[in-house]
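Here's the structure, in structure tokens; my notes come after.
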Amino acid sequence: MATRTQRIEARVAPRDRARIDKAAALEGQSVSAFMVTAAAEKAAQVIAARTTTVVPGEYFDRLLAAIDHADRAPRLARAAKRAREDRRIA
């Protein structure tokens, strides 16, 4: 377990505090541990939802097939060749 060195403070309404206290007690955790666990779980959910794209399997299969059998793109090929020759582009 990583050493906990960072601190977060929050102001809550009395009603919310009572609910958090009750939930923490029901889980057998300190309020601090309960809040850290809950916040970390919510953070993971938000990050996954905002950084993951889910598409139907059929759509994904069509996308891969289109990539595998892409039409020729001569202008793109010329641009890529120029980019390789021009070392200013990293």
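Give me the residue from the stretch 20-45 that is surrounded by 12 or more Cβ atoms within 10 Å (Cβ to Cβ) and among the polar types (S, T, N, Q) and, out of that set, farthest from the chain's Cα centre (by Cα).
Result: GLN29.
Please count how many residues of the stretch 32-90 are part of a helix (DSSP H, G or I), farther than 27 Å from ALA10 by Cα and charged (D, E, K, R).
10
Conditions (1) under 30 Å from ASP21 (Cβ atoms); (2) hydrophobic (A, V, I, L, M, F, W, C), marked per residue:
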site: GLU41; (1), (2): yes, no
site: THR52; (1), (2): no, no
site: VAL55; (1), (2): no, yes
site: ASP61; (1), (2): no, no
site: ARG84; (1), (2): no, no
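What are the residues in the stretch 65-90 that are surrounded by 10 or more Cβ atoms within 10 Å (Cβ to Cβ) and of a type in the set (Asp, Glu), if any?
Correct list: empty.
Inside the stretch 29-58, can you point out the residues that are of a type in the set (Ser, Thr, Tyr) and at pLDDT 95 or above? Walk me through it before giving the result.
Pass one, the stretch 29-58, residues of a type in the set (Ser, Thr, Tyr): 30, 32, 37, 51-53.
Correct list: SER30, SER32, THR37, THR51.
Looking for whichever is exposed (fewer than 11 other Cβ atoms within 10 Å of the Cβ) and of a type in the set (Lys, Arg) here; the options are ARG17, ARG62, ARG50. Which one fits?
Working: ARG17 fails: exposed (fewer than 11 other Cβ atoms within 10 Å of the Cβ); ARG62 fails: exposed (fewer than 11 other Cβ atoms within 10 Å of the Cβ).
From the options ARG17, ARG62, ARG50, the qualifying one is ARG50.
The values are calculated or read from the model by the stated rules, or taken from the named source; none is laboratory data. Treat the numbers as computed from the prediction; the structure is a model and nothing was measured. When we count neighbours, we look across all protein chains shown, and the Cβ atoms used for this are built from the backbone with ideal geometry, even at glycine.
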